[in-house]
Amino acid sequence: MMLIAAGWISVLLLVGGLALDRTLTSMITRNFDEQLGYMLTGMIGSAEIGPDGEVFFVRPLGDQRFLEPNSGLYWQIRGKGHEDFPSRSLWDRSLDAPLDHFDANPHVYDSDQFSGEPLRVMERSIMLPGSDTKWMFTVAASREDLNDQIRKIRLILVYSFVALGFGLLLMAGLQTWYGLFPLRHVRRAIFRMRQTGASRLTDPLPREVAPLVEELNALLAHTDRQAEEARTHAGNLAHALKTPLTVLMNAATARAPDLSDAVIRETAVMRRQVDHHLARARAVGRRAAGMSRASVWVSLEAVLRAVERLYEHARFDLDGNRDVQVAMEKQDLEEILGNLIENAAKYGGGSVFVTVDAGSDPALCEVWVEDDGMGIPEAERIRIFDRGARLDTGKPGTGLGLAIVRDVVELYGGHVELAESEDLGGLLVKLFIPRAAALPV
């Protein structure tokens, strides 16, 4: 921030200084030229032609320096075929005023014709009454006074802008230090939080950093929730695997004759438990990765293409909003839709009807999955969500489908409800998923 401020201040002061120098130099030079113009006008107004055709002044010029040799102020009148009429201040010198052109208006320029004395020269061509000669009236002044004024002005500008630059840099430094000072409070508060083991920043902090502190506390709370979820998952998995491992250990110790059957049976149980917790872990990880967004209709079409190959006898119908998007990762959305649609095709009578955005809640997208099977009694609708719970044991399955659906949906802030389908007579699964936020235009 200081380097950027120093760069901009330097550039702006340099540009401003050059512009101001150019303006003041031009004003001083113009004022100097106006003085020469007054003198030239006085010369022309005082000049007349004598009887011998030579020019002369009817009244003397007012500036005493024209009478002092080498005074730095000079005039001269020159005409073709006539002797030069110079001021006494020129002494034995003359101004170089070429007669090969005619300047109807005053012409001003710088000249170095006098060694060691730069001049500012103004000249004008005049046709005086009573003469056919083109007379060149010239007035010249030493640039020493002009250059001295310009030098003083530039020195004042340099000192002023240097002081202004240091002052601005100092103020920018103080502003930066003061503006970032609240962050030091945050750093000290975080240090104390680590030392004390606190989970939130509770120190009174400046209001300038209040949004930062709120976001930091939210991040800490989110991290705590993730850590707690990880501990819960680990504990649940350990508890779920403990019983099958105990059964296997007892069977192996007793050298049971059905050891191989026990190994196959309990290994299947452990694999189901591992698959279930892995699904939850993947959902938690993807949810924490950032803002999720998925199209329900696109995911449904992808799931149906896969399920139709497994259940060719079933008929699948889709209806509803094709454009709705939910705040869920595409992989998780397809996994829960796949579980529900596969269950409907497996346990139903052959018809599966899916409705997208069936409800009117502006915050939740409601997806209905209906089948024409036997349905689930109302008393069993809560127990069916338990891990491994199955009402129809005659068909292959793990009993973890609905449990995975419920857990994954709840991780994203939604929920699942079971009801009876009024149209098909079988089970109706209502899936409530948060809608995705509208994208900025």
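The values are calculated or read from the model by the stated rules, or taken from the named source; none is laboratory data. Everything quoted here is computed from the prediction, not taken from an experiment. Note that each Cβ is placed from the backbone with ideal geometry, even for glycine, and that neighbours are counted across all protein chains shown. These accessible areas exclude ligands, DNA and RNA; they are computed on the full protein's heavy atoms, side chains included. Shrake-Rupley method; radii C 1.70, N 1.55, O 1.52, S 1.80 Å.
Once the convex hull of all Cα atoms in the range 146-219 is built, its volume per residue stands at 101 Å³. Distance distribution note for the range 311-391: the fraction of Cα pairs above 21 angstrom is 38%. If every alpha-carbon in the chain counts as one equal scatterer, what log10 I(q)/I(0) does Debye give at q = 0.08 1/Å? Each listed q corresponds, in turn, to -0.71. Each of Leu13, Ala306, Leu24 was scored by the projection of its Cα onto the charge dipole of the chain, and the greatest displacement toward the positive side belongs to Ala306; charges sit on the C-beta of Lys, Arg, Asp and Glu. Estimated at the nearest 10 Å², the accessible area of Leu40 is 0 Å² with a 1.4 Å probe.
Quick check of the Kirkwood formula: for the range 16-62, what is the inverse mean of 1/r over all pairs of different Cα atoms, in Å?
On the way: mean 1/r = 0.0761 Å⁻¹.
With all distinct Cα pairs of the range 16-62 included, I get 13.1 Å.
From the Kirkwood radius over Cα pairs of the range 313-352, Stokes-Einstein at 20 °C and 1.002 mPa s returns a whole-number translational diffusion coefficient of 185 µm²/s.
Helix-only mean residue ellipticity at 222 nm, the chain, DSSP H runs n ≥ 4 weighted -39,500 (n - 2.57), per residue, nearest 500. What is it?
Values: 7 runs with 216 residues, N = 441.
Helix contribution divided over all residues of the chain: -17500 deg cm²/dmol.
For Lys346, the lysines whose Cα falls under 21 Å of its own Cα, not counting residues fewer than eight places away in the same chain, are Lys395, Lys430. The lysines whose alpha-carbon is closer than 27 Å to the alpha-carbon of Lys134, local same-chain residues fewer than 8 away aside, are Lys80. Over the C-alpha atoms of the range 83-217, the Rg to Rh ratio, Rh being the Kirkwood estimate, stands at 1.62.
Accessible surface of Val263, taken over heavy atoms with a 1.4 Å probe and every protein chain present, rounds to 60 Å². Computed with a 1.4 Å probe on the full set of protein chains, the accessible area for Glu266 sits at about 20 Å². Max-minus-min Cα coordinates of the range 44-137 on each principal axis give 39, 27, 21 Å, with the largest extent listed first.
Think of the chain as having a plus end and a minus end, set by charges on the Cβ of Lys, Arg, Asp and Glu; of Leu364, Leu61, Ala230, Ala230 sits farthest toward the positive end of this dipole.
Start at zero, step by 5 Å, and the Cα-Cα distances of the range 15-172 spread as 1, 8, 16, 18, 16, 12, 8, 6, 5, 4, 3, 2, 1, 1, 0, 0 percent across the bins.
Selection among Gly197, Leu241, Leu183 by position relative to the dipole of the range 175-267 gives Leu183 as farthest towards the positive end (Cβ unit charges, Cα centre). Using only Cα positions of the range 36-92, each an equal point scatterer, no hydration layer, compute I(q)/I(0) via Debye at q = 0.19, 0.25, 0.31 Å⁻¹ and quote the log10 values to two decimals. Calculated log10 I(q)/I(0) at the listed q: -0.70, -1.12, -1.35.
Taking only the Cα atoms of the range 154-273, the ratio Rg/Rh comes out at 1.54, with Rh defined as the Kirkwood radius.
Solvent-accessible area per residue in the range 1-147 equals 58 Å², computed with a 1.4 angstrom probe and all protein chains kept.
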